[in-house]
1. In segment 42-63, is there at least one residue being out of contact with any helix residue (DSSP H, G or I) (no Cβ under 7 Å at 6 or more places or on another chain) and in a helix (DSSP H, G or I)?
2. Taking the condition surrounded by 12 or more Cβ atoms within 10 Å (Cβ to Cβ), under 24 Å from residue 16 (Cβ atoms), out of contact with any strand residue (DSSP E or B) (no Cβ under 8 Å at 6 or more places or on another chain) and in contact (Cβ under 8 Å) with a residue 24 or more places away in the chain, does residue 48 pass?
3. Could you please find all residues in segment 11-35 being under 21 Å from residue 81 (Cβ atoms), within 14 Å of the chain's Cα centre (by Cα) and in a loop (DSSP other than H, G, I, E, B)?
4. Considering 68, 97, which residue is modelled with pLDDT of 85 or more and surrounded by 10 or more Cβ atoms within 10 Å (Cβ to Cβ)?
């Protein structure tokens, strides 16, 4: 059983990670399937506009990055992949618009 001090230390480490991500990270999608036993240690809420979390109740480890299978992928997985693609397309569109603005 973890001691109270180690639990507090774990919470402080998670807060440190959150602060680091807020300050230095951009364009990251944290996709967490909540059926994965390690998901509780993952990023489960958005950190910023460009560091986003997409937790899924039925997902498991890496399920969304496996090859798509139209005949067997559940609707929620198709929707999640579409959401991830929309986010990435938004980032790339913004990049090219910013690049065009400085030229």
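1. no
2. Details: surrounded by 12 or more Cβ atoms within 10 Å (Cβ to Cβ): yes; under 24 Å from residue 16 (Cβ atoms): yes; out of contact with any strand residue (DSSP E or B) (no Cβ under 8 Å at 6 or more places or on another chain): yes; in contact (Cβ under 8 Å) with a residue 24 or more places away in the chain: yes.
Against the criterion (surrounded by 12 or more Cβ atoms within 10 Å (Cβ to Cβ), under 24 Å from residue 16 (Cβ atoms), out of contact with any strand residue (DSSP E or B) (no Cβ under 8 Å at 6 or more places or on another chain) and in contact (Cβ under 8 Å) with a residue 24 or more places away in the chain), residue 48 qualifies.
3. Of segment 11-35, the ones under 21 Å from residue 81 (Cβ atoms) are 27-35.
Next cut, within 14 Å of the chain's Cα centre (by Cα) only: 27-34.
Hits for segment 11-35 are 27, 34.
4. On the way: 97 fails: surrounded by 10 or more Cβ atoms within 10 Å (Cβ to Cβ).
Every option except 68 fails the conditions.
The values are calculated or read from the model by the stated rules, or taken from the named source; none is laboratory data. Being a predicted model, the structure only gives us computed values, none of them experimental. Neighbour counts run over all protein chains shown; Cβ positions are idealised from the backbone, glycine included.
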